[in-house]
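Asker: Supplied in structure tokens, the structure appears directly below.
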Amino acid sequence: MTEATVTESPVGDVEVGTVYLVGAGPGDPDLLTVKAHRLLCCCDALVYDSLVPREVLDLVPDACERHFVGKRRGHHSVPQPSTNAVLVDLASRHRCIVRLKGGDPFLFGRGGEEAAHLVRHGVPVKVVPGVTAGIAAPAYAGIPVTHRRAGSSVTFVTGHEEIDKRRPAVNWRSLAAASDGLVIYMGLHNLPRIAEELIAGGLSAATPVAVIQQGTVAGQRCLRSRLDAVAQEARQQQFASPSIVVVGDVVAEQIEACAPQPAAVTMPIPF
């Protein structure tokens, strides 16, 4: 049986397709997994986000039904319930549906929410992990997120607390002492407050910080600074989203000579 095999619905005799929650990786098409590549080349329907480059979308068959549901600060966003409804509808009409997400579906990608919704509606769903930007973006700048001399623990955290007001706020002061390093997703907008809270929690003002914008793709750039200066310097140098922020002594272990060349790609919504 192939990955695109039709599955019987648990309710009645209606055949429904399978939805694959696929991680597209951080942007460089070469970082797609083999499984993700295979599914993209044979899918009947595609639902994709704003951080997926056109070069990845070009892998999809011409006859594939496509739906763009991207979310980006400053741009119109498709509400999550609408995306959920699209996935259920497509499963009633197609065999293999790829829900393509930047990075990894289960790391700040709402993949868990979509999987639960599909299961509630009797739709088979499988997750296909992807390379997350929190590891790939630092790597493309030559920064290891762990290092024997600089950090044996790392915490992945979202800095964009306005995404869902029902979610508990991040306790940055506690995180300051809880982990050797922090990798912050969507944290650029709130970086001034994040830095202040981390220092208030006991982290040294001189702690190394890196901001990597557009990690793994053309236009990538990296700012290295101190915790007490990084917000101002990022603003002065006009850093913008999407950016990954790395906080900790691992930043000082940067080896630029090992950094891969960012990929020349085109995004659905230009950076």
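Asker: Rounded to the nearest whole Å², what accessible area per residue is found for the chain with the 1.4 Å probe?
Answerer: The answer is 48 Å² per residue.
Asker: May I pose another question? For region 79-141, what are the per-bin percents of Cα-Cα distances with bins 5 Å wide, up to the bin holding the maximum?
Answerer: Cα pair-distance distribution for region 79-141, in percent: 4, 16, 26, 22, 14, 7, 6, 3, 1.
Asker: Still on this structure: For the chain, what does -39500 (n - 2.57) per DSSP helix run (n ≥ 4), summed and divided by total residues, give at 222 nm, in deg cm²/dmol to the nearest 500?
Answerer: Helix contribution divided over all residues of the chain: -7000 deg cm²/dmol.
Asker: Under the Karplus relation 6.51 cos²θ - 1.76 cosθ + 1.60, θ = phi - 60°, what is the ordered set of whole-Hz ³J(HN,Hα) values for region 19-35, x standing for Gly and Pro?
Answerer: Result, rounded to whole Hz: 9, 9, 7, 9, x, 8, x, x, x, 5, x, 5, 8, 4, 6, 4, 5.
Asker: Specify the longest stretch of the chain that does not include any exposed loop site, a site being one of the trypsin sites (Lys or Arg not before Pro) with a non-H, G, I, E, B DSSP assignment and at most 10 other Cβ atoms within 10 Å.
Answerer: Result, exposed sites excluded: 1-147.
Asker: Turning to a different aspect of this structure: Please compute the Kirkwood hydrodynamic radius of the chain from all pairs of different C-alpha atoms, in Å with one decimal.
Answerer: So the Kirkwood estimate lands at 19.5 Å.
Asker: Ordering MET186, MET267 from largest to smallest accessible area (1.4 angstrom probe), what's the sequence?
Answerer: Descending order: MET186, MET267.
Asker: With everything on Cα atoms, drop me the angle between helix 191-200 and the longest principal axis of the chain, reported from 0 to 90° to the nearest 10.
Answerer: It works out to around 60 degrees.
Asker: Please arrange LEU57, LEU31 by accessible surface area, largest first, computed with a 1.4 Å probe and ligands excluded.
Answerer: Ranked from most to least accessible, the order is LEU31, LEU57.
Asker: Also, quick follow-up: Quick check: residue separation of GLN238 and GLN80 times 0.36 nm, minus the Cα distance between them. What number comes out in nm? Walk me through the numbers on the way to the answer.
Answerer: Numbers: separation 158, 0.36 × 158 = 56.88 nm, distance 3.00 nm.
Stretched fully, the GLN238-GLN80 segment lengthens by 53.9 nm.
Asker: Now, a different point. Return the Cα extents of region 10-136 along principal axes one, two and three, sorted largest first, each rounded to a whole Å.
Answerer: Ordered largest first, region 10-136 gives principal extents of 44, 28, 24 Å.
Asker: In nm, to one decimal, how far is the modelled label at ARG54 from the one at ARG221, with both set 7 Å along Cα→Cβ?
Answerer: Going by the 7 Å Cα→Cβ label model, 2.4 nm.
Asker: Could you work out how far the C-alpha centroid of region 125-164 sits from that of region 16-62, in angstrom?
Answerer: After rounding, the separation between the Cα centres reads 21 Å.
Asker: Sticking with this one: Quick one: accessible surface of LEU188, probe radius 1.4 Å, all protein chains present, in square angstrom to the nearest 10.
Answerer: 30 Å²
Asker: Beyond 28 Å, what percent of the Cα pairs of region 127-271 remain? It would help to have the intermediate numbers written out before the result.
Answerer: Values: 1464 of 10440 pairs.
The answer is 14 percent, as a whole percent.
The values are calculated or read from the model by the stated rules, or taken from the named source; none is laboratory data. All figures in this text were calculated on a predicted structure; none of them were measured in a lab. Reconstructed Cβ throughout: ideal geometry from the backbone, glycine too, with neighbour counts over all protein chains shown. Heavy atoms of the whole protein, side chains included, go into the accessibility calculation; ligands, DNA and RNA do not. Shrake-Rupley method; radii C 1.70, N 1.55, O 1.52, S 1.80 Å.
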